[in-house]
Amino acid sequence: MVLLKKLYDWIDERVQLENLVHFLGKKYVPIHRHSIWYYFGGVSLFLFIIQVLTGILLLLYYKSGEELAFESIQFIMSKVQFGWLIRSVHSWTANLFILTAMIHMFSVYFEKSYRKPREITWLTGMLMFFLAMGFGFSGYLLPWNELAFFATKVGTDIAGVVPVIGKPIMVFLRGGEEVTGATLSRFFGFHVAVLPGMFTVLLGIHLILVQRQGMSEPLGVEDAHGTPKKTMPFFPNFLLRDLLFWLIVLNLLAILAVFFPWELGKKADAFASAPAGIKPEWYFLFMFQTLKYIPAQLFIIDGEVFGILLFGVGGLLWTLVPFWDRKSSRGEKNRFINYVGLFIIFYMIVLTILGWIA
Amino acid sequence: MIPNDGMKPVNEDKRDFLKWILSGGLLAFVGSVIYPVLAYLKPPPQGDVEVSSVKACKLNEIEKDSGKIIKFGTKPVILIRTADGQLRAFSATCTHLDCTVQFSKDRGLIWCACHNGKYDLSGRNVSGPPPRPLDEFRVVVQGEDILISKKT
């Protein structure tokens with residue numbers, strides 16, 4: 001203890017920790033009936049940290065390349081001690097991460113926490129969400145199995161459908177005209193270097209903003225004048241609750257990874273037909289299912305072009321919601337936002353189920 | 001603005017000239033840094049061996065009412081033998097989103113599992129999202145061998 005105190009004093013003397021400690025001591029989390037949603041940002045952070053750690057562990061044995069990737073994962077899962085566990089945790093965490101980030105995103109949306117002055121926090125969050133999908137899409141290919149091979153063909157081909165810029169983007173992503181080992185190399189680079197770098201910067205901004213601006217409170221709660229606001233100190237009360245939730249999630253992950261180990265499937269073969277029942281990951285399923293319903297020709301444009309424009313414009317409007325929802329920024333109720341959000345959730349759930357049972 | 005009292009009058013022409021030189025130079029510098037990077041991102045064209053004809057398999061290796069995927073250079077081609085024994089070949093790349101199609105015996109169709117695209121046994125897109133028919137290849141039987149070649 002004396003040593004720790006000495007170390008603290010040594011650092012404090014040089015970088016003045018006093019302010020930081022003071023700040024943490026003064027940090028409060030509002031308590032109201034929507035407080036539960038505050039935990040989903042934190043748990044997403046926790047899952048991201050797990051991804052970084054298990055990702056580094058996988059890197060110790062993973063080999064990129066058409067002739068090596070599938071075999072190296074087989075090796076990890078069958079020969080390396082607890083390799084099956086690490087890989088399974090990495091795959092499950094990826095899915096839970098998307099799920100918790102989605103819950104976090106929708107809760108922020110319905111509480112209108114993106115409203116002024118938190119537009120930048122929302123934007124960085126949305127960008128991280130898109131990066132998370134990029135992580136999912138690029139990581140999915142790395143085992144170089146049959147499902148991943150066709151998922152990548154379809155996904156990159158969809159990018160190629162975009163007028164004018166689509167084709168160069170597709171060639172850039174694939175590292176050529178076709179999905180080959182060159183694609184695998186590129187995706188590997190994106191997955192372990194490019195995306196983590198970008199994500200870390202955005203995460204830093206996101207977290208600094210949350211610290212600086214404090215927790216957002218839902219509009220209805222802010223309105224309640226007269227009654228003193230209930231709060232909880234962040235340190236240690238809220239942090240301990242956070243940690244408890246993280247512990248529960250870690251246990252859930254362990255159960256999933258052990259009892260439902262992630263499969264590897266069959267090795268990719270460029271000269272095999274796409275297998276029956278092929279599906280993308282669940283978070284792409286609603287878009288995938290929509291593509292199935294859009295006819296080949298719609299008015300004068302190709303069905304795919306229509307689909308991708310639809311999701312592109314939808315995603316853009318969603319990302320820019322702080323800028324067109326003026327009412328919430330003025331502190332007024334905006335029911336329209338709720339209807340849009342509910343419709344999107346309903347649409348996603350219905351199409352995901354349809355895609356699942358198809 | 002720097003105060004200019006009692007100093008030489010500013011030569012605007014000279015100033016403009018320097019502005020152009022400096023900003024032009026900066027632009028050229030940025031360009032010469034970015035161009036190689038962008039060019040690097042573009043994968044070089046692979047020396048694709050142009051295949052015009054391949055030996056698919058022996059006649060007795062493909063049963064009636066079945067299909068198989070054949071390597072045609074770097075591209076997959078689907079060879080089909082109909083129930084009445086006719087041989088046909090089409091590009092196996094779905095015209096929708098680049099998946100590889102298969103012969104579906106129970107549907108009597110060429111089927112793409114990715115988005116449920118369907119083509120009849122003449123390669124015409126009959127249902128689902130595919131926008132175009134499959135490209136047809138020429139099939140020639142030479143003795144026991146089945147040869148597939150590009151249609152010209």
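The values are calculated or read from the model by the stated rules, or taken from the named source; none is laboratory data. What you see is a predicted model, and the numbers here were worked out from it, not measured in a lab. Cβ: placed from backbone, ideal geometry, glycine included. Neighbour counts: every protein chain shown.
Those residues that are within 12 Å of another protein chain (Cβ to nearest Cβ) and either surrounded by fewer than 23 Cβ atoms within 10 Å (Cβ to Cβ) or on the phi > 0 side of the Ramachandran plot (or both), I need them from region B:125-141; list them, please.
B:Asn125, B:Val126, B:Ser127, B:Gly128, B:Pro131, B:Arg132, B:Pro133
To keep it simple, each residue is scored yes or no on (1) more than 25 Å from A:Ile357 (Cβ to Cβ); (2) away from chain A (no Cβ under 14 Å); (3) among the basic types (Lys, Arg).
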{"residue": "B:Asn60", "(1), (2), (3)": "yes, yes, no"}
{"residue": "B:Asp65", "(1), (2), (3)": "yes, yes, no"}
{"residue": "B:Ile70", "(1), (2), (3)": "yes, no, no"}
{"residue": "B:Lys75", "(1), (2), (3)": "yes, no, yes"}
{"residue": "B:Arg81", "(1), (2), (3)": "yes, yes, yes"}
{"residue": "B:Ser104", "(1), (2), (3)": "no, no, no"}
{"residue": "B:Ala113", "(1), (2), (3)": "no, no, no"}
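Sort through A:Leu195, A:Leu141, A:Leu147 and tell me the only one that's away from chain B (no Cβ under 12 Å) and surrounded by 21 or more Cβ atoms within 10 Å (Cβ to Cβ).
So the residue among A:Leu195, A:Leu141, A:Leu147 that is away from chain B (no Cβ under 12 Å) and surrounded by 21 or more Cβ atoms within 10 Å (Cβ to Cβ) is A:Leu141.
So in region B:83-102, with the set limited to residues that are in contact with a Leu (Cβ under 9 Å, 6 or more places away or on another chain) and in a loop (DSSP other than H, G, I, E, B), which one is farthest from the other protein chains (Cβ to nearest Cβ)?
B:Gln86
Among (1) touching a helix residue (DSSP H, G or I) at 6+ places or on another chain (Cβ under 7 Å); (2) outside any strand (DSSP E or B), which single condition is A:Lys6 missing?
Tallying (1) touching a helix residue (DSSP H, G or I) at 6+ places or on another chain (Cβ under 7 Å); (2) outside any strand (DSSP E or B), A:Lys6 fails exactly one: (1).
Starting from residues that are surrounded by 13 or more Cβ atoms within 10 Å (Cβ to Cβ) and touching a helix residue (DSSP H, G or I) at 6+ places or on another chain (Cβ under 8 Å), keep the ones in region A:316-326 and report whichever is nearest to A:Leu291 (Cα to Cα).
A:Trp318
Okay, residues lined up against (1) of a type in the set (Gly, Ala, Ser); (2) modelled with pLDDT under 95; (3) out of contact with any strand residue (DSSP E or B) (no Cβ under 7 Å at 6 or more places or on another chain); (4) closer than 30 Å to A:Ser273 by Cβ:
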residue	(1), (2), (3), (4)
A:Gly139	yes, no, yes, yes
A:Trp144	no, no, no, yes
A:Phe187	no, no, yes, yes
A:Val192	no, no, yes, no
A:Met198	no, no, yes, no
A:Pro218	no, yes, yes, no
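So that you can scan it fast, the table gives a plain yes or no per residue for (1) on the phi > 0 side of the Ramachandran plot; (2) free of Cβ contacts under 8 Å to residues at least 12 places away in the same chain:
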residue: B:Pro9; (1), (2): no, yes
residue: B:Leu26; (1), (2): no, yes
residue: B:Ile34; (1), (2): no, yes
residue: B:Leu41; (1), (2): no, yes
residue: B:Asp65; (1), (2): yes, no
residue: B:Arg88; (1), (2): no, no
residue: B:Cys114; (1), (2): no, no
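From the residues in region A:265-304 that are part of a loop (DSSP other than H, G, I, E, B), in contact (Cβ under 8 Å) with a residue 24 or more places away in the chain and more than 10 Å from every other protein chain (Cβ to nearest Cβ), which one is surrounded by the fewest Cβ atoms within 10 Å (Cβ to Cβ)?
Ranking the candidates gives A:Lys266 first.
Among (1) exposed (fewer than 14 other Cβ atoms within 10 Å of the Cβ); (2) part of a helix (DSSP H, G or I), there is one condition A:Trp37 misses while meeting the rest; what is its number?
Just one mismatch for A:Trp37, condition (1).
Considering only region A:160-215, give the helices (runs of 4 or more DSSP H) lying wholly within it that have at least 2 residues that are closer than 30 Å to A:Gly41 by Cα.
A:181-189, A:195-213
What are the residues in region A:79-89 that are in contact (Cβ under 8 Å) with a residue 60 or more places away in the chain and either hydroxyl-bearing (Ser, Thr, Tyr) or surrounded by fewer than 22 Cβ atoms within 10 Å (Cβ to Cβ) (or both), if any?
Those that are in contact (Cβ under 8 Å) with a residue 60 or more places away in the chain and either hydroxyl-bearing (Ser, Thr, Tyr) or surrounded by fewer than 22 Cβ atoms within 10 Å (Cβ to Cβ) (or both): A:Trp84, A:Leu85, A:Ser88.
Name the single residue that is farthest from the chain's Cα centre (by Cα) among those in region B:125-152 being polar (S, T, N, Q) and not in a loop (DSSP other than H, G, I, E, B).
Result: B:Gln142.
Go through region B:16-56 residue by residue and tally those that are within 13 Å of another protein chain (Cβ to nearest Cβ) and not in a loop (DSSP other than H, G, I, E, B).
Residues that pass the stated criteria total 7.
Name the pairs whose Cβ atoms lie under 6 Å apart, with the first residue in region A:151-163 and free of Cβ contacts under 8 Å to residues at least 60 places away in the same chain and facing another protein chain (nearest Cβ under 9 Å), the second assigned to a helix (DSSP H, G or I) and among the hydrophobic types (A, V, I, L, M, F, W, C), and 6 or more positions between them or separate chains?
Short answer, once both residue conditions are applied: A:Thr156/A:Met170; A:Thr156/A:Leu173; A:Gly160/A:Met170.
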